[in-house]
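Undergrad: Shown below is the structure under consideration.
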Amino acid sequence: MSQLTRRDCLALAAGASAVAGLSGCATPDRASNADHASGPPLHELASEKGIRFGSAMSARQLDDSRYRDIMLRECATMVAENEHKWYTVYPDPDTVNFVPADRLVAFAVENGLTMRGHTLLWHRPQYSPKWVNELDFSSASDTADFVEQKIALLAGRHEPVIYAWDVVNEAIDDQTGAFRETSLSARMGEQLIDHAFHVAKAHAPNAKLTYNDFMSWESTSTAHRAGVLRFLERLKRRGVPIDGLGIQSHSNYEMPDEFTRDKQRNWIAFCDEVVGMGLDIYITEFDVNDTDLKPDIAYRDRLIAGYTRDYFDMMLAYPQLKEVLVWGMVDDQSWLQTFLPRADDVLKRPTLYDKDYKAKAVRTSLADAFRGAARRQAL
Ligand code: XIL
């Protein structure tokens, strides 16, 4: 099946919805009073098509029995929201803290969920521990030794439970498309990235290795898309062991005009180039950012449900899309509440379940998109 093209898949998929998604005008009323949790769990609908479905979870949410129940019902896989990041594991030069990550991994193993790893190197000073940003290496080889030690420990810790790693996160400047400069790249340049992938391969030999970023179809993302493509080409040319691109999918700032034809064309051209390099694609952090939508709940839910169906119809048409992870399951616990709060302080509705743990119309959209997708070869 992997030799199927996106066009074949579109034709195979429950045609009407896929085509409607691509037309950019599919926003029927999906926010009715239906029971949006009815029917098979999402992971089952996804796996029937060769897709792995899951969500991010934090160690804190392990103590929330209703959150746990949703995870166990809906998900086949999960990812730690912050617990594998350097700022948690290596908060200062002398501490290694795997306590919260170990708890999440134990939960996954006990309950038969698989686990994705995020991330071995968040190549962005804003999210790197201060002490790492302040390091001043005297040579490339000193840097390489330091990075190897940090990544080896992380990648080896939960091997072989973790079947895929976001080896590098957000290395391309979203404004310029250039490779970001950090204390770790100062001496190594982009060799840092190659090194990170090679170390990951050595210590998690069976994991799928991914570059993860938030480029999108939106008008503000042109330089970012181009920068990521050139970056992936350079990695491929240098023989870096990379299996796929993680498409975070947090972006939807332009609703209700999210999918104009132009934007779709640009985005499909981008995805075509990525899969043309022989890479898989993964949706790694889906949520919906309703910061600027007017507050009426029915209105927002309708737009979000329509947007979600359009986006997934477009993406599931790629047989190379093997995984779908959402970034959290319950609205009031979403990172977007504090990262980008609404000016009117109204609670945002970025996830599949509301603050009362009730499934919303957007869940039905995702379920329907899985139902309409063509089968593909699983990971
Ligand atoms: C976010 C977490 O959800 C927040 O709790 C944390 O404060 C910052 O990071 N892109 C990524 C994720 O790759 O790691 C980010 O997660 C969201 C954006």
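Undergrad: Any residue in region 282-304 that is more than 13 Å from TRP327 (Cβ to Cβ) and free of Cβ contacts under 8 Å to residues at least 24 places away in the same chain sitting within a Cβ distance under 9 Å of a residue that is hydrophobic (A, V, I, L, M, F, W, C) and in a loop (DSSP other than H, G, I, E, B)? List the pairs, counting only those 6 or more apart or interchain.
TA: TYR299/ALA31; TYR299/LEU293
Undergrad: For region 97-106, does any single residue satisfy the condition of being part of a loop (DSSP other than H, G, I, E, B) and buried (at least 19 other Cβ atoms within 10 Å of the Cβ)? Give the steps one after another, and end with the answer.
TA: Step one: filter region 97-106 for residues part of a loop (DSSP other than H, G, I, E, B), giving 97-98.
Subset that is buried (at least 19 other Cβ atoms within 10 Å of the Cβ): none.
Among the residues of region 97-106, not one is part of a loop (DSSP other than H, G, I, E, B) and buried (at least 19 other Cβ atoms within 10 Å of the Cβ), which makes the answer no.
Undergrad: To continue, here is another question. Restricting attention to region 107-119, which residues are surrounded by 17 or more Cβ atoms within 10 Å (Cβ to Cβ), closer than 19 Å to GLU323 by Cα and more than 16 Å from the ligand (Cβ to nearest atom)? Before the answer, list the steps.
TA: Filtering region 107-119 for residues surrounded by 17 or more Cβ atoms within 10 Å (Cβ to Cβ) gives 107-108, 113-119.
Pick out the ones that are also closer than 19 Å to GLU323 by Cα and you get 108, 113-119.
Matches in region 107-119: ALA108, LEU113, THR114.
Undergrad: Would you say THR351 is of a type in the set (Ser, Thr, Tyr) and either part of a loop (DSSP other than H, G, I, E, B) or buried (at least 22 other Cβ atoms within 10 Å of the Cβ) (or both)? First the steps, then the outcome.
TA: On the way: of a type in the set (Ser, Thr, Tyr): yes; either part of a loop (DSSP other than H, G, I, E, B) or buried (at least 22 other Cβ atoms within 10 Å of the Cβ) (or both): yes.
So THR351 passes the test.
Undergrad: Hey, can you tell me all the residues within region 170-214 that are of a type in the set (S, T, N, Q) and closer than 28 Å to GLU110 by Cα? Talk me through it step by step, then tell me what you get.
TA: Step one: filter region 170-214 for residues of a type in the set (S, T, N, Q), giving 175-176, 182-183, 185, 191, 206, 210, 212.
The answer is ASN206, THR210, ASN212.
Undergrad: Could I ask something else about it? So LEU72 ticks every box in (1) hydrophobic (A, V, I, L, M, F, W, C); (2) within 30 Å of ASP272 (Cβ to Cβ); (3) open to solvent by 30 Å² or more (accessible area, probe 1.4 Å); (4) at pLDDT 90 or above but one. Which box is left unticked?
TA: The failed condition is (2).
Undergrad: Please name all residue pairs, on different chains or six or more residues apart, with Cβ atoms under 6 Å, provided the first residue is in region 161-173 and is on the phi > 0 side of the Ramachandran plot and the second residue is open to solvent by 10 Å² or more (accessible area, probe 1.4 Å).
TA: From residues that are on the phi > 0 side of the Ramachandran plot, the pairs are GLU170/ARG124.
Undergrad: Let me confirm something: among TYR67, TYR87, TYR127, which residue is open to solvent by less than 50 Å² (accessible area, probe 1.4 Å) and within 15 Å of the ligand (Cβ to nearest atom)? Outline the logic, then answer.
TA: Values: TYR87 fails: open to solvent by less than 50 Å² (accessible area, probe 1.4 Å); TYR127 fails: open to solvent by less than 50 Å² (accessible area, probe 1.4 Å).
Just one listed residue meets the conditions, TYR67.
Undergrad: Select from region 179-215 the residues that are over 20 Å from VAL228 (Cα atoms) and among the hydroxyl-bearing types (Ser, Thr, Tyr) and list them in ascending order.
TA: SER183
Undergrad: For residues in region 75-84 being assigned to a loop (DSSP other than H, G, I, E, B) and open to solvent by less than 10 Å² (accessible area, probe 1.4 Å), which is nearest to ALA152 (Cα to Cα)? Explain how you work it out, then say what you get.
TA: So the first thing to find is which residues in region 75-84 are assigned to a loop (DSSP other than H, G, I, E, B), and the list is 75-76, 81-84.
Filter again for open to solvent by less than 10 Å² (accessible area, probe 1.4 Å), leaving 75, 84.
Values: CYS75: 28, HIS84: 13 Å.
Here the residue is HIS84.
Undergrad: Across region 130-181, what is the total count of residues that are open to solvent by 40 Å² or more (accessible area, probe 1.4 Å), in a loop (DSSP other than H, G, I, E, B) and among the small types (Gly, Ala, Ser)?
TA: 2
Undergrad: A further question on this structure: Scanning for something within 25 Å of THR210 (Cβ to Cβ), outside any helix (DSSP H, G or I), more than 17 Å from the chain's Cα centre (by Cα) and away from the ligand (no atom under 14 Å from the Cβ), does region 357-373 turn up at least one residue?
TA: For region 357-373, residues within 25 Å of THR210 (Cβ to Cβ), outside any helix (DSSP H, G or I), more than 17 Å from the chain's Cα centre (by Cα) and away from the ligand (no atom under 14 Å from the Cβ): present.
Undergrad: Turning to a different aspect of this structure: Residues of region 194-219 being of a type in the set (Ser, Thr, Tyr) and either closer than 18 Å to HIS158 by Cβ or within 12 Å of the ligand (Cβ to nearest atom) (or both), which ones?
TA: The first filter runs over region 194-219 and keeps only residues of a type in the set (Ser, Thr, Tyr), leaving 210-211, 216, 219.
Scanning region 194-219 gives THR210, TYR211.
Undergrad: Please indicate, with yes or no, whether at least one residue in region 308-325 is within 15 Å of the ligand (Cβ to nearest atom) and either over 24 Å from MET115 (Cβ atoms) or not acidic (Asp, Glu) (or both).
TA: Taking every residue of region 308-325 in turn, at least one turns out to be within 15 Å of the ligand (Cβ to nearest atom) and either over 24 Å from MET115 (Cβ atoms) or not acidic (Asp, Glu) (or both).
Undergrad: For region 41-54, indicate whether the set of residues that are outside any loop (DSSP other than H, G, I, E, B), surrounded by 15 or more Cβ atoms within 10 Å (Cβ to Cβ) and within 13 Å of the ligand (Cβ to nearest atom) is non-empty.
TA: Checked region 41-54: no residue is outside any loop (DSSP other than H, G, I, E, B), surrounded by 15 or more Cβ atoms within 10 Å (Cβ to Cβ) and within 13 Å of the ligand (Cβ to nearest atom).
Undergrad: Out of (1) within 16 Å of the ligand (Cβ to nearest atom); (2) in a helix (DSSP H, G or I), the odd one out for PRO341 is which?
TA: (2)
The values are calculated or read from the model by the stated rules, or taken from the named source; none is laboratory data. Owing to the predicted nature of the structure, the values given are computational and were not obtained by experimental measurement. We place every Cβ from the backbone using ideal geometry, glycine too, and count neighbours over all the protein chains shown. Quick note on the areas: whole protein, heavy atoms, side chains included, nothing else; ligands and nucleic acids left out. Shrake-Rupley method; radii C 1.70, N 1.55, O 1.52, S 1.80 Å.
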